[in-house]
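Single-structure report; data block below.
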Amino acid sequence: MAVVDSNEGVDSMIRKIDHLGIAVNDLEKSVNILKAAFNLEVGGIEEVSSQQVKVAFLPVGESRLELLEPTSEDSAVAKFLAKRGEGFHHVAFETDSIEESLKVAESQGLRLIDKQPRPGAHGTKVAFIHPKSTFGVLIEFVQKANQT
Ligand code: CMX
C-alpha cells in the first residue's frame, strides 16, 4: 500500500487538537462530574443551533473537552446517543485554512460531510469528515473566528 509522506503543495496547517467531543445525555450533570473529579474549569456553555446541540468546553492544557447534549431528537448527537450511548464522539483539528484542509482531505479520497464550512461554537467555522473514511473516527476541522 502506498504511504503518502509528502506535504508538497499543501498550504493549510493543522495546528493542534482543538478539542475532543464527548456525547452526553445530561450536560449539567456531566460538567459537574468532570469539575469535581478532575478539578477542571468550564470555559463556556453555548447552544449551537446549526448543529442542534448545547455544548460545554472544559480547557485541559492547550486543548479542551467538549461535552455535547442534543437539543433535538433529529440531531446527529441524538442519533449517536440512541445508537451507541454516551461516549467519545469526535476529534477536532484546528486548521488555519478550513477550505484548504477540506480540499486536501477530499483529494486524498476522504468523504466530506460538509463540502463548505458552517458556523460552529464561538464564531468558528467548522466542517466534518465522515467516520467511515477515517477508521470509525468522526473528524472535525475548526478555524478560529479571527482567521480568514
Ligand atoms: N463517530 C463514529 N461513528 C459514527 C459517529 C461518530 N460520531 N456517528 C455515527 N457514526 C456511525 C454510525 O454508527 C454508523 O455506523 P454503522 O453503519 O457501522 O452502524 C455510521 O457512522 C453511519 O451512520 P448513519 O446512520 O449513516 O449516519 P448518521 O445519520 O448516524 O450520521 C454522521 C452520521 C457522522 C454523518 C452525522 O452524525 C454527522 O453528519 N455528523 C457531523 C455533525 C456532528 O456530528 N455534529 C455534532 C457536533 C457539533 C459540535 O461539535 O458543535
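The values are calculated or read from the model by the stated rules, or taken from the named source; none is laboratory data. Keep in mind that this is a model prediction, so the values were computed, not measured. Cβ coordinates were reconstructed from backbone atoms using ideal geometry, including for glycine residues, and neighbour counts include every protein chain displayed. With ligands, DNA and RNA removed, areas are computed over all heavy atoms of the protein, side chains included. Shrake-Rupley method; radii C 1.70, N 1.55, O 1.52, S 1.80 Å.
If you go through the stretch 129-148 and pick out every residue that is at pLDDT 95 or above and more than 10 Å from the ligand (Cβ to nearest atom), you end up with 3. Tell me which residues, restricted to the stretch 111-148, are under 14 Å from the mean Cα position of the chain (by Cα) and aromatic (Phe, Trp, Tyr). Listed by number, the residues that qualify are Phe128, Phe141. With respect to the conditions (1) under 22 Å from Lys79 (Cβ atoms); (2) in contact with a strand residue (DSSP E or B) (Cβ under 8 Å, 6 or more places away or on another chain), Leu40 falls short on a single one, namely (1). Residues in the stretch 46-74 that are open to solvent by 50 Å² or more (accessible area, probe 1.4 Å) and either at positive phi or not charged (D, E, K, R) (or both): Ser49, Ser50, Gln52, Pro59, Val60, Gly61, Thr71.
Name the single residue, out of those in the stretch 75-128 being aromatic (Phe, Trp, Tyr) and open to solvent by 30 Å² or more (accessible area, probe 1.4 Å), that is nearest to the ligand (Cβ to nearest atom).
Pass one, the stretch 75-128, residues aromatic (Phe, Trp, Tyr): 80, 88, 93, 128.
From what's left, open to solvent by 30 Å² or more (accessible area, probe 1.4 Å): 80, 88, 93.
Numbers: Phe80: 5, Phe88: 8, Phe93: 12 Å.
Within the stretch 75-128, the match that is nearest to the ligand (Cβ to nearest atom) is Phe80.
On the basis of being within 10 Å of the ligand (Cβ to nearest atom), modelled with pLDDT of 95 or more and among the hydrophobic types (A, V, I, L, M, F, W, C), does Leu58 make the cut? No, not satisfied.
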